[in-house]
Each structure stands twice: as structure tokens, then as C-alpha cells.
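Student: Quick one: structure below, then a few questions.
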Amino acid sequence: MSSIIFFCSYIALWVLVLFETLVLVVLVRQLGSQQTKVTSETKEVSETLLATGSKAPEFQASEVLTRNIVKSNTLRGHYLLLVFISPYCSTCEAIVGDLESFRAKLNARLLVVCSGAKKESSSFVEKHLPKTQVILDHDGSISRNFKISGTPMAVLLDSEWSIVRYGFHSSDPQRGNPELKLKEQGEAQPENTILGFASINKGLGEV
């Protein structure tokens with residue numbers, strides 16, 4: 001009788017081991033699939049950005065608060081930091097307070113491009129960026145031409161109106177808040193995020 005119990009227990013143990021092994025194999029395959037997906041998405045994002053050194057798209061738009069017309073051909077002659085935001089973006093609200101210091105580190109002029117309806121954009125700018133030059137991208141055409149895939153995003157242009165590099169949002173573990181950092185075109189993306197950057201300090205001396 002005892003031998004039968006031992007045999008049944010032995011069989012049950014092996015069934016349990018096989019079941020756990022099967023679960024582990026499934027989990028490993030799922031993780032591998034997710035990693036492949038992230039790598040593919042990262043490559044796709046990088047390939048859709050405008051190339052470093054290429055001419056930036058021209059545009060014309062009105063300022064959100066003053067309605068003054070801003071033409072891109074009047075913005076040459078110095079480095080320009082374009083920051084793309086949306087009034088519906090909570091991360092944008094979190095980083096707007098850092099835009100001036102971010103601009104100063106890059107020694108560039110700042111122009112914010114707000115994509116959204118006039119009413120919501122005006123309310124957002126009045127509350128968060130009342131002293132900053134912000135233009136309205138009401139139909140999203142400026143964002144599309146610059147290959148902007150989400151907000152906040154940034155594009156640094158040189159004095160000849162050429163693309164220097166792109167920036168996305170990330171979290172600074174020391175500050176615990178989202179901030180914008182620029183990434184060199186073609187640099188490897190951090191593994192933990194599709195929209196990541198290299199350090200903001202890298203290459204600042206070249207600007």
C-alpha cells in the first residue's frame with residue numbers, strides 16, 4: 001500500500017514539475033516577444049525622425065495669446081529650440097517650468113509649438129507659459145512636418161535652419177520629475193523606454 005502511495009506521489013511531483021516548466025517556457029517566450037516588439041518600435045521611431053543636418057520644414061503660425069504671425073524664415077541666425085506640447089498632455093504641464101533653464105543650457109532661442117484647439121491652448125498657455133513665445137499648431141501640420149510622434153518633444157535647430165538633434169521626455173530619478181533631454185540622432189535608445197535620451201549635458205559645448 002505504501003509503495004502505491006509513494007508511486008502516486010512521485011508521479012504527482014513530476015506532473016507539477018512539468019507544469020511549472022511549461023509555465024516558465026511560456027513566460028520566457030512572452031518576454032522575448034515583448035522585447036522584439038520594443039526593439040521594432042524603437043527602430044521605427046528613430047527611422048521616422050528627420051535626419052541630422054537636413055533642412056527643417058518651413059512654417060507660419062500665429063502666437064497663441066497675441067495672434068501675431070510668426071514666420072520661420074525670420075527665426076534664422078541663432079540656435080532655436082522648438083518644444084512641441086499639447087494642452088491635453090499631463091507630462092507637458094509637468095515640464096513647462098523647466099523650459100527656460102533647458103533653453104539656457106543649450107544657449108538657444110525658445111519657441112513652443114502648441115497642438116490643440118484655440119480655447120484649450122489659450123487657457124494652457126495663460127496658466128503655464130504666459131511670458132513664453134508659443135505658436136498654435138491648430139491643424140497639427142507643423143508637428144507632422146517635423147515628424148513629431150507625441151508630446152512633449154523637442155527639436156534643436158542650428159543657425160542655418162538644419163536639424164541638430166531631437167529630444168523626448170524622460171524621468172530624472174534624482175528629481176522624480178519629467179524633464180526634457182536631447183538625444184543625438186542615431187544614438188542607442190535606453191532599454192526601459194522607447195522615447196528616451198542621452199544626457200542633456202552631452203554635446204552642449206558644441207551648441
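What follows draws every value from the coordinates through simple rules; no lab data is involved. Since this is a predicted model, take the numbers as computed values, not measurements.
Student: For segment 78-156, report the translational diffusion coefficient in µm²/s to the nearest whole number, using Stokes-Einstein at 4 °C, 1.567 mPa s, and a Kirkwood Rh over Cα pairs.
Tutor: Approximately 104 µm²/s, per Stokes-Einstein.
Student: Extension gain GLU160-SER54, at 0.36 nm per residue separation less the Cα-Cα distance, in nm?
Tutor: 37.1 nm
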